[in-house]
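Only the coordinates and a few stated rules stand behind these numbers; no lab work does. The shown structure was predicted, so the numbers you read here are calculated from the model rather than taken from an experiment. Note that we place each Cβ from the backbone using ideal geometry, even for glycine, and neighbour counts take in every protein chain shown.
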Amino acid sequence: MSVFASSHFGGHKVLIRVDFNVPIKNDVIGDDTRIRAAIATIKKIINDGGSVILMSHWGRPIKDMEKKPELTKADFSLSRIVSQLSELLGQAVQFADDCISDEAADKAKNLQAGEVLLLENLRYYKEEEKGNEDFAKKLASYGDIYVNDAFGTAHRAHASTAVIAQYFAADKRMFGLLMEAEVNAAEQVLHKAEKPFTAIVGGAKVSDKILIIENLLHKATDIIIGGGMAYTFFKALGGKIGASLCEDDRMELANELLAKAKAKGVNIHLPIDSIIADKFAADANTALANNMEIPDGWMGLDIGATACTAFSEVITRSKTILWNGPMGVFEMEKFQNGTKTIAESVVTATANGAFSLVGGGDSVSAVNKFGFADKVSYVSTGGGAMLEYFEGKVLPGIAAIKG
Ligand code: AMP
């Protein structure tokens, strides 16, 4: 059993770093997934008879208020999520309208067993992102146990996500249930992968995914490359890619990656063909083309039928799958087939016993859009953090707990 699950929190004040950075427009919460994801951790503590102090950031108040003087702190306030949080927890949640004021300290001090207090946005203070020790120490004084359940910010060495952990003894700092699940899923793929291990990398730009591909060259047996980033590879190979996305300054690197993969015996799978369009629009005219011969003025916006078949064949025989980034402009119906087909293949492989992890903002939206989220092994909530983990970096939020 995990440290968190086997702990008994009765009589303790538990300070939890959560990620409540949910989309809010006109004071209405769009997608409350991140709030829901923290509920199990909070409930375990209050059911044990502990009390909970929650801290989170929301948006970028200091930077945004500098850019747009019409914005005020109220536009970034976590008070806007109190009622939704109370509803999901089934109990009232107290709120402190500053995270390090005397009022916040008093409210934390007077918190009774089973009660929950939410602190105002940590990023009202520049000290949070700077990882200031005094600020972290002040926050630490509110609780006697520190739980980090904010995987989405685990790649940041901020006061509340990393620096704070040093003020708690090793047995008084731990991951929450969400963070634990994220870390376990990521470790399963990176360190305990059963082979064949296929990494599917897509999305717009090669430059965003270079480090992840390089690191996966040491781990994966197969790497599938799709989406806009594939065209830089085809141009580097001497192909004609028309008006498709391309980063000319990355062509040399694309060739280097292919050479490294060859030397290591890793199979790189590029899409043979594309659905091409005469403009970047939902109502564009479309055709099928080989990726070495895309006509001038046309752009590849999805992988084609041959690529779908080839990629599916690789995916369905895999035992471990990591998926980051869509195969095409899946937001438009005409260009969603490739991403949908790949999602279906990941689902099939999972049903046949593979471990599949989907991570990174847009592939997560894609599996949600196609209704496959509960048919893969794990869907990560942490876009940037997951990416950095798979780039082989040490995440400060994880290191701070593990010591
Ligand atoms: P990323 O954030 O780098 O994972 O990229 C995701 C975005 O890439 C999505 O919004 C897709 O619409 C876009 N995308 C995927 N394939 C293509 C393509 N062939 N051309 C242009 N954009 C693409």
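Overview of results
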item	result
For the stretch 202-281 versus the stretch 353-385, the gap between their alpha-carbon centres in whole angstrom	22 Å
The chain: Cα Rg divided by the 2.2 N^0.38 Å rule of thumb	1.07
Cubic angstrom per residue, convex hull over Cα atoms of the stretch 236-304	83 Å³
Theoretical ellipticity at 222 nm over the chain - DSSP helices of four or more residues, -39500 (n - 2.57) apiece, nearest 500	-11000 deg cm²/dmol
Electrostatic dipole magnitude of the chain [Cβ: Lys, Arg +1; Asp, Glu -1; Cα centre; debye, to 20]	800 debye
Trypsin sites (Lys or Arg not before Pro) within the stretch 342-398: DSSP coil, no more than 15 neighbouring Cβ in 10 Å	Lys393
Top positive-direction residue, dipole computed over the stretch 72-221 with Cβ charges, set Val206, Ser77, Thr153	Val206
Debye, to nearest 20: dipole size of the stretch 183-390, +1 on Lys, Arg Cβ, -1 on Asp, Glu Cβ	600 debye
FRET efficiency estimate (nearest 0.05) - Cβ-Cβ, Ala373 to Glu103, R0 60 angstrom	0.90
Under the Karplus curve 6.51 cos²θ - 1.76 cosθ + 1.60, θ = phi - 60°, whole-Hz ³J(HN,Hα) for the stretch 222-237, x wherever Gly or Pro sits	9, 10, 9, 10, x, x, x, 5, 5, 5, 4, 5, 5, 5, 4, 7
Neighbourhood charge, 13 Å Cβ-Cβ cut-off, centred on Ala236 and excluding it, Lys, Arg +1 and Asp, Glu -1	-2
Relative contact order [Cα under 8 Å, 6+ residues apart], the stretch 3-175, whole percent	28 percent
Under 5 Å, built H, 5+ apart or other chain: amide partners of Leu118	Leu54, Gln94, Phe95, Ala96
Relative contact order (%) - criterion: Cα under 8 Å, at least six apart; region: the stretch 183-390	22 percent
Among 127-138, 172-183, the order from most to least packed when residues are scored by Cβ within 10 Å on average	172-183, 127-138
Which of Ile210, Ile164, Ile303, Ile24 has the fewest Cβ neighbours within 10 Å, and the rest in rising order	Ile210, Ile24, Ile164, Ile303
Positive-end extreme of charge dipole, the stretch 231-363 - chosen from Phe330, Ala263, Leu237 (charges on Cβ)	Ala263
Dipole magnitude (debye, nearest 20) for the stretch 325-403, charges at Cβ of Lys, Arg, Asp, Glu	120 debye
Angle between the chain longest axis and helix 305-316 axis [Cα atoms, degrees, rounded to 10]	50 degrees
